[in-house]
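**Student:** One structure coming up, written as structure tokens, with questions to follow.
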Amino acid sequence: MQQKIVLIGGPGTGKTTVINYLANKGFNCMPEISREVTIEAQKKGIEQLFLTKPLLFSEMLLEGRIQQHKKASELNNNIVFFDRGIPDVFAYMDYYNTDYPKKFKQKSNAFTYSKVFHFAPWKEIHTTDNERYESFEEAVKIDTFLTKAYTNLGYQLINVPFGDIEQRAHFILNSLSGE
């Protein structure tokens with residue numbers, strides 16, 4: 001049976017760096033899509049789509065992450081890694097206190113993951129850029145909404161220790177092979 005492994009955590013915690021490392025090692029990885037959605041909106045003159053039209057942005061993310069989940073199911077790989085998952089969408093909506101349709105949580109229950117690896121906020125590596133504008137303090141708050149969303153859905157989070165990229169990736173891989 002295929003394992004769908006999701007990496008979660010606030011912005012700037014090292015998820016994408018580890019996903020890229022795993023992809024370079026030959027693992028099938030589904031990238032974070034919020035940057036793509038943000039960049040596309042910026043090309044259309046909307047600087048921060050999430051801040052100006054949060055529901056539209058979230059609908060686009062939800063659909064994109066569902067498509068990733070379906071695509072992963074079609075692969076013949078035993079393990080597929082995801083840079084963020086479907087529940088991240090409503091967790092961010094909760095953080096920004098934005099109303100959203102019930103389907104956000106329904107889809108989170110319909111498209112599930114085998115394991116959830118949590119990357120805690122880490123001040124030493126946190127940075128901002130054109131698509132990641134949240135301060136470290138905001139990242140810490142977002143992280144609490146993310147962990148709450150996943151635990152409320154019944155997931156047990158596996159906390160990834162701080163360390164270099166290889167150490168973090170090997171922790172995840174060793175956690176998976178130890179079953």
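**Student:** S73 versus I158, label points 7 Å from Cα toward the beta carbon: distance in nm?
**Tutor:** Calculated label separation equals 2.3 nm.
**Student:** Further question: Please give the peptides 78-89, 53-64 ranked by average Cβ packing (other Cβ atoms within 10 Å per residue), highest first, as a rough proxy for protection.
**Tutor:** Ranking, from highest mean packing down: 78-89, 53-64.
**Student:** While we're here: Using a simple charge model, +1 on the beta-carbon of Lys and Arg, -1 on the beta-carbon of Asp and Glu, nothing else, what dipole does the chain show about its Cα centre, in debye to the nearest 20?
**Tutor:** With Lys and Arg at +1 and Asp and Glu at -1, about 540 debye.
**Student:** Run the simple label-point estimate for K25 and Q167 please: 7 Å along Cα→C-beta, distance reported in nm.
**Tutor:** 1.5 nm
**Student:** Where does each of 11-20, 108-117, 147-156 land if you order them by average Cβ count within 10 Å, highest first?
**Tutor:** Going from most to least packed, we get 11-20, 108-117, 147-156.
**Student:** Still on this model: How far is helix 15-24 tilted, in degrees, relative to the longest principal axis of the Cα atoms in the chain, given as a value from 0 to 90 rounded to the nearest 10?
**Tutor:** The angle comes out at about 50 degrees.
**Student:** Can I ask one more? Largest first, please: the extent of the C-alpha atoms of the stretch 3-177 along each principal axis, to the nearest Å.
**Tutor:** Principal extents (largest minus smallest coordinate, Cα): 43, 36, 32 Å.
**Student:** Treat every Asp and Glu Cβ in the stretch 1-104 as -1 and every Lys and Arg Cβ as +1, leave all other atoms uncharged, and give the resulting dipole magnitude about the Cα centre to the nearest 20 debye.
**Tutor:** So the magnitude is around 200 debye.
Since every read-out is calculated from the coordinates, none of them should be taken as a lab result. Here the structure is a predicted model, which means the values were calculated and not measured. Because the Cβ atoms are built from the backbone with ideal geometry, glycine has one as well, and the counts that use them run over all protein chains shown.
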